Amino acid sequence: MLIKCEDLSFEYEGRQVLSGLTFHVDEGDFLCVVGENGSGKSTLVKALLGLKKPQRGSIEFGDGLKPTQIGYLPQRTEAQSDFPASVREVVLSGCRSRAPFHTRAEKTRCADNMKLMGIDSLASRSFRELSGGQQQRVLLARALCGTERLLLLDEPTAGLDPIVTRELYSVIDALHEKGITVIMVTHDVVEALEKATHMLHLHDNHNFFGPTGDYLECDDCRRFSGGEHRHD
Ligand code: ADP
């Protein structure tokens, strides 16, 4: 088991967010985290990254995984899109050592990941001048520099047009097929149901966690998610 979360709850200024949240992630899983705005998705992301302590419960990492080995793709923000650096610099910044102390192995890894994401020809371009879809590929290559095992993707396709969204999803699928475990926060329930091996649906105190097949059998889940039309 890569991650085991048990009976988690969090608090902001005395107000409880999420409660009794229990789920796990195994090697090779594709877990999609869905839920309305304010349901606690970002809080969970922060907790997995070690940036928010649970008020109750535990998060355990297994199979030799360390929290620092999670490749993280943050939500897109304007400030981030305007980052004044080259594509190569952004990708390299996902490696453990800091510039200018990157090892030869890290530079090779950076080059490999840029190739994998189809952005090697953009290496010297300025990150801020790229399209949204290209920027997401750069940030995915960056996240891959931090991991070979687990990607944590926070709404990777938010704000992208449908064609670019498809392209990015197929890149993510390819990474999963390569054996990388994926946790993806998304609003796109329809897409989530197509790719996820497991679903985590945050909804007040009625969280659902289980295999995608069970989620489709769960009437309440489908009603909350608006995914009813997929189940005919
Ligand atoms: P989501 O990502 O699903 O939209 P969040 O984890 O951002 O949900 O938020 C869950 C709840 O916690 C919301 O009610 C939100 O207002 C509250 N919350 C999140 N961050 C903070 C914070 N820094 N201070 C106070 N309340 C917060």
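Listing for the model above:
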quantity: Qualifying residue in segment 169-183 (condition: under 26 Å from E11 (Cα atoms), buried (at least 18 other Cβ atoms within 10 Å of the Cβ) and not aromatic (F, W, Y)); calculated: yes
quantity: Residue within segment 72-86 that is buried (at least 17 other Cβ atoms within 10 Å of the Cβ), more than 21 Å from L140 (Cα to Cα) and more than 9 Å from the ligand (Cβ to nearest atom) present; calculated: no
quantity: Subset of segment 40-53 [open to solvent by 20 Å² or more (accessible area, probe 1.4 Å) and either within 29 Å of G179 (Cβ to Cβ) or near the ligand (Cβ under 9 Å from one of its atoms) (or both)]; calculated: S42, K46, L49, G50, L51, K52
quantity: Qualifying position, being in contact with a Pro (Cβ under 6 Å, 6 or more places away or on another chain) and outside any strand (DSSP E or B), among G38, G28, G50; calculated: G50
quantity: Wholly within segment 58-154, helices (runs of 4 or more DSSP H) carrying at least 3 residues that are of a type in the set (D, E, K, R); calculated: 104-116
quantity: Residue satisfying condition, being of a type outside the set (K, R), within 16 Å of the ligand (Cβ to nearest atom) and at pLDDT below 95, within set D188, D214, D154, D161; calculated: D188
quantity: Unmet requirement for M1, which otherwise passes all of (1) open to solvent by 40 Å² or more (accessible area, probe 1.4 Å); (2) among the aliphatic types (A, V, I, L, M); (3) within 16 Å of the ligand (Cβ to nearest atom); (4) in contact with a His (Cβ under 6 Å, 6 or more places away or on another chain); calculated: (3)
quantity: Cross-chain or 6+ apart pairs with Cβ under 6 Å, segment 44-61 first and of a type in the set (D, E), then more than 11 Å from the ligand (Cβ to nearest atom); calculated: E60/K4
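Listed here are the residues, each with its yes/no results for (1) among the hydrophobic types (A, V, I, L, M, F, W, C); (2) exposed (fewer than 13 other Cβ atoms within 10 Å of the Cβ).
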{"position": "D63", "(1), (2)": "no, yes"}
{"position": "R88", "(1), (2)": "no, no"}
{"position": "A105", "(1), (2)": "yes, yes"}
{"position": "M114", "(1), (2)": "yes, no"}
{"position": "G133", "(1), (2)": "no, no"}
{"position": "R137", "(1), (2)": "no, no"}
{"position": "C145", "(1), (2)": "yes, no"}
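The values are calculated or read from the model by the stated rules, or taken from the named source; none is laboratory data. Keep in mind that what you see is a predicted model, and the values were worked out from it rather than measured. So basically every Cβ, Gly included, is an ideal-geometry build from the backbone, and we count neighbours across all protein chains shown. Protein only, heavy atoms only, side chains kept; ligands, DNA and RNA dropped before computing areas. Shrake-Rupley method; radii C 1.70, N 1.55, O 1.52, S 1.80 Å.
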